[in-house]
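S.K.: Dumping the structure here so I can ask a few things about it.
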Amino acid sequence: EYDRIQCPAFKSKIMSADAAAALIPEGCNVGMSGFTGSGAPKEVPMALARRIEAQLAQGHHFKIGMWTGASTGPEIDGALAKVNGINMRLPYQSDPTSRERINQGDINYIDMHLSHVAQYVWFGFFGKLNVALIEVAGILPDGRLIPSTSVGNNKTWLDQADLVILEVNERQPLGLAGMHDVYYGTQLPPHRVPIPLVHPHDRIGEPYLRCDPAKVIAVVPTHKADRNSPFKPADADSEQIAGHLIDFFKSEVRHGRLPKSLLPLQSGVGNIANAVLAGLNNGPFENLTAFTEVMQDGMLAMLRSGKMVGASATGFSLSPEGEQDFVDNIDFYRDKIVLRPQEMSNHPELIRRLGVIAMNAMIEADIYGNVNSTHVMGSSIMNGIGGSGDFARNAYLSIFMAKSSARGGDISCIVPAVSHVDHTEHDVQILVTERGLADLRGLAPKQRARLIIDNCSAPEYRPMLQEYFERALHHSRGKHTPMLLDEALSWHARFERTGSMKVREAVAA
Ligand code: 0RQ
């Protein structure tokens with residue numbers, strides 16, 4: 001068995017997860033690895049949760065600030081949320097227990113653009129980062145770290161924290177070594193220079209993370225797999241959404257607005273995203289590339305089929321089968337995939353330069369094209385904005401997708417006004433539901449409204465939307481973005497009151 005911890009200075013710090021967790025100061029800020037479940041620490045957070053729980057039993061409650069790359073896993077967010085051990089969480093989560101705590105008001109959550117996190121910490125906007133808790137695949141003789149299945153904010157955590165705890169996960173393939181590209185050229189304003197990346201799979205940095213051995217207080221060997229969600233086969237609605245998008249891309253190529261190999265793709269995670277990738281894998285476009293944050297099964301399949309020639313991301317989100325395929329063929333994938341810090345994978349400068357096609361899912365859109373990605377009925381967080389805003393605002397094409405209705409048809413995902421705005425009308429060019437696609441480029445608000453209602457809304461809500469819009473057009477003082485102020489959020493209010501946005505309570509005259 002290959003020795004994963006080759007540097008003597010680190011070897012002397014090997015200890016159990018419980019011993020490591022005991023070294024984390026109460027109330028401190030901990031920067032953890034992890035991005036959509038990949039590369040998160042697996043043992044120390046649970047040990048910390050046990051410590052918090054034991055203290056709680058003695059009447060003493062302490063919490064930590066928890067900063068990550070993006071979402072982690074049940075043994076991190078879930079375990080710490082369960083014992084109410086988090087006072088501040090940023091920048092993204094998707095764990096059911098953590099979501100519940102946030103929506104109950106127990107956890108303060110800063111939902112922010114993923115590309116902003118590292119620089120805000122460097123700027124000092126969030127105060128001091130005390131501890132970095134990072135999963136790595138190995139430690140080289142000179143103390144450099146082989147990153148794990150995500151890079152996230154690890155470079156920043158290792159540089160900024162006073163204390164470092166490393167989990168060395170022996171289950172992560174050693175073939176990861178060489179897949180990463182850690183760019184150390186970022187400066188702080190006013191000393192910034194252009195980032196020298198002009199193709200999605202350019203390498204501009206180093207394959208390993210630097211780490212000051214003097215800061216390392218614990219090294220914990222672990223053996224657990226990343227959180228891998230089983231792959232659900234695409235449903236009919238997702239396939240229809242994918243179909244509309246592929247038709248749209250074909251038309252853009254015909255009109256000379258996209259090259260035949262399209263432009264670098266960014267794709268969110270989830271059912272619809274996987275269906276779109278499957279559609280592209282069976283579609284007519286060749287030599288595709290990706291400049292995205294998460295590699296999911298669909299992208300691995302495209303690399304395998306040769307449809308996609310290279311991809312840049314910061315982490316993985318794979319099914320168990322996807323992970324097996326990745327491990328079995330890691331030498332092939334290492335050639336094609338570059339994993340970067342998320343400040344690079346999601347960098348506005350790079351997204352704008354490369355002309356990325358951004359495809360993200362949404363919760364709801366309104367008739368003017370404002371998009372809500374994060375909040376249910378205006379007040380409850382779902383996950384967070386993640387990287388969708390980094391990509392949407394700076395993309396060549398900004399696409400948002402959803403089914404036209406949710407909760408068995410009781411919620412229309414096209415509404416008079418969104419109950420929370422993540423992506424304003426200025427950042428949204430294309431809306432797609434299973435009903436169709438609305439190409440909003442070059443359209444003014446009233447034109448957008450007609451197109452969105454006609455092409456994207458669910459049939460059971462379309463007449464209601466048309467009727468609302470016509471009345472708004474007539475009664476609203478301003479005729480630029482007509483709105484009935486007393487009614488714009490009444491659909492959401494009706495859902496809260498009756499369990500449906502449909503007008504069941506209306507009594508026939
Ligand atoms: O609820 O899980 O209770 O059934 O929302 O909806 O249709 O399964 O779609 O899994 O793609 O999630 C926007 C949340 C969509 C996600 C969002 C309910 C619906 C269901 C999930 P249930 P679906 P998805 C890359 C880019 C922000 C981050 C981002 C997301 C649940 O894509 O978090 O884009 N995006 N990152 O029933 C109330 C509505 C609803 C609704 C759907 N209008 N009102 N509930 N739902 N529409 C990744 C990263 O950044 C890391």
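S.K.: Looking at the stretch 389-401, which of the residues that are under 14 Å from LEU431 (Cβ atoms) and in contact with a Leu (Cβ under 8 Å, 6 or more places away or on another chain) is farthest from the ligand (Cβ to nearest atom)?
M.R.: Applying the filter and picking the extreme gives LEU397.
S.K.: On to the next question. If you take the residues of the stretch 410-425 that are outside any loop (DSSP other than H, G, I, E, B) and touching a Lys or Arg at 6+ places or on another chain (Cβ under 8 Å), which of them is nearest to the ligand (Cβ to nearest atom)? If you could, list the steps in order and put the result at the bottom.
M.R.: Filtering the stretch 410-425 down to residues outside any loop (DSSP other than H, G, I, E, B) leaves 411-412, 414-415, 423, 425.
Of the ones still in play, those that are also touching a Lys or Arg at 6+ places or on another chain (Cβ under 8 Å) are 423, 425.
On the way: HIS423: 9, GLU425: 17 Å.
If we take residues in the stretch 410-425 being outside any loop (DSSP other than H, G, I, E, B) and touching a Lys or Arg at 6+ places or on another chain (Cβ under 8 Å), then HIS423 is nearest to the ligand (Cβ to nearest atom).
S.K.: Among the residues of the stretch 159-183, which ones are under 20 Å from GLU43 (Cα atoms) and assigned to a loop (DSSP other than H, G, I, E, B)?
M.R.: Matches in the stretch 159-183: ALA161, GLU170, ARG171, GLN172, PRO173.
S.K.: Scan the stretch 390-399 and tell me whether some residue there is farther than 22 Å from GLU349 by Cα, over 18 Å from the mean Cα position of the chain (by Cα), in contact (Cβ under 8 Å) with a residue 40 or more places away in the chain and surrounded by fewer than 24 Cβ atoms within 10 Å (Cβ to Cβ).
M.R.: So in the stretch 390-399, the residues farther than 22 Å from GLU349 by Cα come out as none.
Scanning the stretch 390-399, I find no residue that is farther than 22 Å from GLU349 by Cα, over 18 Å from the mean Cα position of the chain (by Cα), in contact (Cβ under 8 Å) with a residue 40 or more places away in the chain and surrounded by fewer than 24 Cβ atoms within 10 Å (Cβ to Cβ), so the answer is no.
S.K.: Next question. Out of GLY59, GLY39, I need the residue that is touching a Phe, Trp or Tyr at 6+ places or on another chain (Cβ under 9 Å) and either at pLDDT 95 or above or closer than 30 Å to TYR109 by Cβ (or both). Which one?
M.R.: Numbers: GLY59 fails: touching a Phe, Trp or Tyr at 6+ places or on another chain (Cβ under 9 Å).
Just one listed residue meets the conditions, GLY39.
S.K.: Can you find a residue in the stretch 50-72 that is β-branched (Val, Ile, Thr) and in contact with a helix residue (DSSP H, G or I) (Cβ under 7 Å, 6 or more places away or on another chain)?
M.R.: no
S.K.: Which helices (runs of 4 or more DSSP H) does the stretch 204-315 wholly contain that include 1 or more residues that are over 25 Å from the mean Cα position of the chain (by Cα)? Give the steps one after another, and end with the answer.
M.R.: Numbers: elements: 236-254, 271-281, 297-305.
So the answer is 236-254, 297-305.
S.K.: Using the structure shown, decide if PRO8 is within 25 Å of PRO141 (Cβ to Cβ) and surrounded by 23 or more Cβ atoms within 10 Å (Cβ to Cβ). Steps first, please.
M.R.: Values: within 25 Å of PRO141 (Cβ to Cβ): yes; surrounded by 23 or more Cβ atoms within 10 Å (Cβ to Cβ): no.
No; evaluated as a whole, the condition is false for this residue.
S.K.: Still on this model: Out of (1) crowded, with 18+ Cβ neighbours inside 10 Å; (2) of a type outside the set (Asp, Glu); (3) not in a helix (DSSP H, G or I), what's the single condition that is false for ALA449?
M.R.: (3)
S.K.: Further question on the same structure: Which members of the stretch 210-244 meet the condition of being farther than 19 Å from PRO41 by Cα and of a type in the set (A, V, I, L, M, F, W, C)?
M.R.: ALA214, PHE231, ALA234, ALA236, ILE241, ALA242
S.K.: For the stretch 168-206, give me the residue count where each residue is touching a residue at least 60 places away in the same chain (Cβ under 8 Å) and aromatic (Phe, Trp, Tyr).
M.R.: Counting residues in the stretch 168-206 that are touching a residue at least 60 places away in the same chain (Cβ under 8 Å) and aromatic (Phe, Trp, Tyr) gives 1.
S.K.: Has the stretch 344-360 got any residue that is at pLDDT 95 or above and within 8 Å of the ligand (Cβ to nearest atom)?
M.R.: Restricting attention to the stretch 344-360, the residues satisfying the condition of being at pLDDT 95 or above are 344-360.
Cutting the leftovers down to within 8 Å of the ligand (Cβ to nearest atom) gives us 360.
Looking for residues that are at pLDDT 95 or above and within 8 Å of the ligand (Cβ to nearest atom), one finds at least one in the stretch 344-360, hence yes.
S.K.: Would you check if there is a residue in the stretch 366-388 being in a helix (DSSP H, G or I) and either within 15 Å of the ligand (Cβ to nearest atom) or crowded, with 17+ Cβ neighbours inside 10 Å (or both)? Give the steps one after another, and end with the answer.
M.R.: First pass over the stretch 366-388, keeping only residues in a helix (DSSP H, G or I): 388.
Those still in the list that are either within 15 Å of the ligand (Cβ to nearest atom) or crowded, with 17+ Cβ neighbours inside 10 Å (or both) too: 388.
Yes: one or more hits.
The values are calculated or read from the model by the stated rules, or taken from the named source; none is laboratory data. These figures come from a predicted structure and were not determined experimentally. Cβ coordinates were reconstructed from backbone atoms using ideal geometry, including for glycine residues, and neighbour counts include every protein chain displayed.
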